[in-house]
Amino acid sequence: MTKTISIYSMKGDVTGSIDLPDVFNTPYRPDLIQRAVVSIQSMIRQSYGTSPVAGLNTSAGYYGRRGRRYRQTINKEMSRLPREKPGGGGLGKVRRVPQSVGGRRAHPPKSEKITIKSLIIDQNASIHMLGYNSILSWKQKGEHLEITFTKKLEVGPAYALRIKPKPLE
């Protein structure tokens with residue numbers, strides 16, 4: 001059951017006809033189109049996470065050693081936490097620890113994960129990143145696929161993944 005369409009010239013006259021391939025006979029499925037578009041858009045999304053050294057870029061250190069009077073926190077009714085080294089000596093503000101202002105976050109979001117929306121794969125599937133030998137760990141969360149990278153990757157515009165066997169319909 002092939003469809004035949006007419007070919008028109010620039011003046012609007014019929015110059016011939018052509019048979020369309022069978023792919024044009026498939027029914028219109030907006031749900032599959034939506035699923036494919038959402039999956040592609042989720043791959044473009046920038047990963048969310050903090051820098052591994054966020055909150056640690058400071059001169060703060062712990063000064064609790066006995067026997068020296070310089071920057072000592074012992075026997076001064078001060079918390080024994082890492083403090084900045086201000087110019088001119090003395091003790092600065094507490095930094096580095098999660099409970100301090102300007103310190104690191106306790107459990108920050110990691111940027112080693114990507115989520116592909118609306119992609120369901122088989123339980124026995126393996127995911128490889130092209131250019132790397134290791135198999136990536138992944139987790140199916142409902143209709144979404146969450147992939148965790150095992151090592152630090154160079155920053156690039158895109159990454160190519162290979163899933164074996166192919167994803168389910």
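The values are calculated or read from the model by the stated rules, or taken from the named source; none is laboratory data. As the structure is a computational prediction, the values presented were derived from the model and not from experiment. Note: ideal-geometry Cβ built from the backbone for every residue, glycine included; neighbour counts use all protein chains shown.
Some points to look at:
- Unique residue being surrounded by 11 or more Cβ atoms within 10 Å (Cβ to Cβ) and of a type in the set (Ser, Thr, Tyr) when the list is TYR70, TYR62: TYR62
- Considering region 77-110, the residues that are aliphatic (A, V, I, L, M) and surrounded by 12 or more Cβ atoms within 10 Å (Cβ to Cβ) include one that is farthest from GLY55 (Cα to Cα), namely MET78.
- Residue in region 46-61 that is in contact with a Ser or Thr (Cβ under 6 Å, 6 or more places away or on another chain), over 22 Å from HIS144 (Cα atoms), free of Cβ contacts under 8 Å to residues at least 40 places away in the same chain and not β-branched (Val, Ile, Thr) present: no
- Subset of region 1-44 (residues that are of a type in the set (Asp, Glu) and within 47 Å of the chain's Cα centre (by Cα)): ASP19, ASP22, ASP31
- Given (1) in the same structural domain as ARG162 (by TED's automatic domain parsing); (2) surrounded by 15 or more Cβ atoms within 10 Å (Cβ to Cβ); (3) on the phi < 0 side of the Ramachandran plot, index of the condition SER118 fails: (3)
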